[in-house]
Amino acid sequence: MKLLSLCARFAEYAGWMAQELGDDRAALWWTGQAVDLAAAGQDHEVESYALVRRALVAFYRGDAAQTITLAHRALTSDTTRRIRGLAGLREAQGHALAGDHYACSRALDRARDLLAIDDGSKPMLGSANLPDSVAMVTGWCLYDLGRPREAAEVLDVQCGRLRAHAWRNQARYGIRRARAHAANGEIEHACALTQGLLDPLNSVQSATVRTDLRRLIRTLCRFRTNSSVRALYPSLIASIY
């Protein structure tokens with residue numbers, strides 16, 4: 001049983017790596033393997049966490065309904081508070097994509113309650129490098145809900161709390177912060193923030209980060225006559241490849 005559980009966790013990790021390489025098909029295949037191995041090893045945590053991972057793939061595809069459905073299945077499963085809390089975050093993001101502010105807020109509140117208590121008795125699944133994962137996701141949900149000013153305010157605070165050496169998180173959430181400021185009409189500030197992210201962006205090979213970067217570029221291209229945008233644009237394009 002323990003060997004099957006260990007294999008399931010490696011398969012889940014392989015699925016995450018495949019997603020970061022931009023291969024959603026392989027990501028879902030490996031995640032499916034994790035589910036099968038976890039079920040055989042009676043590891044209900046990995047089985048439920050795989051649903052959270054599938055919800056994240058659906059989120060990056062822009063599929064709000066599938067994100068919510070998968071997250072809700074994990075949220076109502078018999079698993080740990082932490083995994084249900086992570087499922088609540090994915091559910092909130094799905095509702096934000098769908099434009100449902102009330103449902104998003106309820107999911108965020110539920111996730112915060114679930115993640116507030118962790119007995120630490122088992123190996124932690126999911127990222128443990130964010131000082132406040134609920135607040136960070138709240139910022140991004142506000143952006144998807146069409147409230148970029150509020151999103152920028154939250155992300156300013158949360159990005160300031162990231163560890164300096166956590167380059168993946170610096171790149172991922174820093175780009176989202178820049179997008180919020182750009183959407184709020186603060187083009188020069190968005191460019192200045194992005195300029196400070198070039199080293200992490202060039203060091204982190206992440207398909208999901210590049211997805212957000214492409215979206216930022218599309219936003220900035222609306223202001224291509226702006227001198228800050230023109231100066232930054234070549235470096236941004238180089239960071240994609």
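Below, the figures for the structure above:
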read-out: Neighbours by Cβ (under 7 Å, 6+ apart or cross-chain): first from region 100-116, more than 11 Å from Ser133 (Cα to Cα); second open to solvent by 80 Å² or more (accessible area, probe 1.4 Å); value: Leu114/Arg81
read-out: Of residues in region 196-207 being over 20 Å from Ala151 (Cα atoms) and out of contact with any Phe, Trp or Tyr (no Cβ under 6 Å at 6 or more places or on another chain), the one surrounded by the most Cβ atoms within 10 Å (Cβ to Cβ); value: Leu201
read-out: So Arg84, is it modelled with pLDDT under 90 and either part of a helix (DSSP H, G or I) or more than 22 Å from Asp212 (Cβ to Cβ) (or both); value: no
read-out: Leading residue by the ranking (farthest from Gln170 (Cα to Cα)) among those in region 208-241 that are aromatic (Phe, Trp, Tyr) and surrounded by 14 or more Cβ atoms within 10 Å (Cβ to Cβ); value: Phe223
read-out: Sole residue being open to solvent by 50 Å² or more (accessible area, probe 1.4 Å), modelled with pLDDT of 90 or more and either among the charged types (D, E, K, R) or under 15 Å from the mean Cα position of the chain (by Cα) (or both), chosen from Asp63, Asp23; value: Asp63
read-out: Criterion (open to solvent by less than 10 Å² (accessible area, probe 1.4 Å) and modelled with pLDDT under 85) met by exactly one of Val46, Val52, Val35; value: Val46
read-out: Residue list for region 132-169, filter: of a type in the set (Asp, Glu), open to solvent by less than 60 Å² (accessible area, probe 1.4 Å) and either touching a strand residue (DSSP E or B) at 6+ places or on another chain (Cβ under 8 Å) or part of a helix (DSSP H, G or I) (or both); value: Asp144, Glu150, Asp156
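The values are calculated or read from the model by the stated rules, or taken from the named source; none is laboratory data. Bear in mind the structure is a predicted one, so any value in this text is a computation, not a measurement. Methodologically, a virtual Cβ is constructed for each residue, glycine included, from the backbone with ideal geometry; neighbour enumeration extends over all protein chains shown. We work out accessible area using only protein heavy atoms, side chains counted, and drop any ligands, DNA or RNA first. Shrake-Rupley method; radii C 1.70, N 1.55, O 1.52, S 1.80 Å.
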